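FYI, it's all coordinate maths here, none of it is from the lab. No experiment lies behind these values; they were computed from the predicted model shown. Methodologically, a virtual Cβ is constructed for each residue, glycine included, from the backbone with ideal geometry; neighbour enumeration extends over all protein chains shown.
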Amino acid sequence: MYNNVTEASKETIRSPSRTFEARLKINGRWFNSEFKKLSYETSSTADEALQLGAAVSAKIEITIKKIDELFENTEIPVEIGLKLSSGKYEYIPLGFFTAERPQSDQATTTFTAYDRMMKTTGLYVSNLIYPASAASVLNEISASCGVPADLSGLADIMIQTK
């Protein structure tokens with residue numbers, strides 16, 4: 001859960017009437033207030049059963065006012081903004097998503113994008129010598145798939161076997 005918000009944001013989110021705005025960044029440029037549709041879906045497994053140790057992945061589907069940018073296979077940050085009483089928006093990150101096959105018509109651009117978990121679907125074979133710290137294992141996985149990981153608090157946890 002994201003907790004790095006101001007007191008004004010905490011107060012506003014509890015109010016009975018709120019205004020939100022989404023934005024995304026493509027090729028260094030922010031696009032906001034032009035969203036026609038934004039859907040966000042998460043899942044931790046491909047079937048109906050609970051899997052222990054599974055990670056949650058996310059998918060977004062966006063339709064926005066036409067974007068004249070090339071961004072297929074580009075990682076884009078998406079944020080949701082809450083309008084504060086001052087009239088300014090305070091944004092929180094929704095995630096980093098990689099766009100697949102954006103399609104445009106005369107007025108809109110539509111695309112589906114997946115979060116960084118899509119990079120972790122390949123085979124992982126460790127080259128470490130075991131026992132190894134959990135931080136070392138996670139660092140190796142992070143380096144192999146290109147997804148940054150928070151290694152804090154893992155140094156004292158040991159994994160005994162490969």
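Tabulated data for the structure shown
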quantity: Amide H partners (placed H, <5 Å) of THR108, local residues excluded; calculated: LYS66
quantity: Selected from ILE129, ILE76, ILE141 as most flexible by GNM, with the chain as the system and alpha-carbon contacts under 10 Å; calculated: ILE129
quantity: Value of relative contact order over the range 107-162, rounded to a whole percent, pairs C-alpha under 8 Å and six or more apart; calculated: 40
quantity: Neighbourhood charge, 12 Å Cβ-Cβ cut-off, centred on ALA135 and excluding it, Lys, Arg +1 and Asp, Glu -1; calculated: -3
quantity: Simple spin-label estimate for ASP156 and SER43 in nanometres, 7 Å along Cα-Cβ; calculated: 3.9
quantity: For the chain: Kirkwood Rh in Å [reciprocal of mean 1/r, alpha carbons]; calculated: 18.5
quantity: Sites GLN106 and GLU69 - FRET efficiency at Förster radius 22 Å, r taken between beta-carbons, to 0.05; calculated: 0.85
quantity: Relative contact order of the range 39-162, pairs being alpha-carbon contacts under 8 Å that are 6 or more residues apart, as %; calculated: 20
quantity: Rounded FRET efficiency, nearest 0.05, which uses the C-beta distance separating SER144 from ASN32 and R0 of 45 Å; calculated: 0.80
quantity: Between 0 and 90°, nearest 10: helix 134-145 axis offset from the chain longest Cα axis; calculated: 60
quantity: Flagged links, alpha-carbon separation over 20 Å, of LYS66/LYS88; LYS59/LYS83; LYS65/LYS119; LYS10/LYS83; calculated: LYS66/LYS88; LYS59/LYS83; LYS65/LYS119
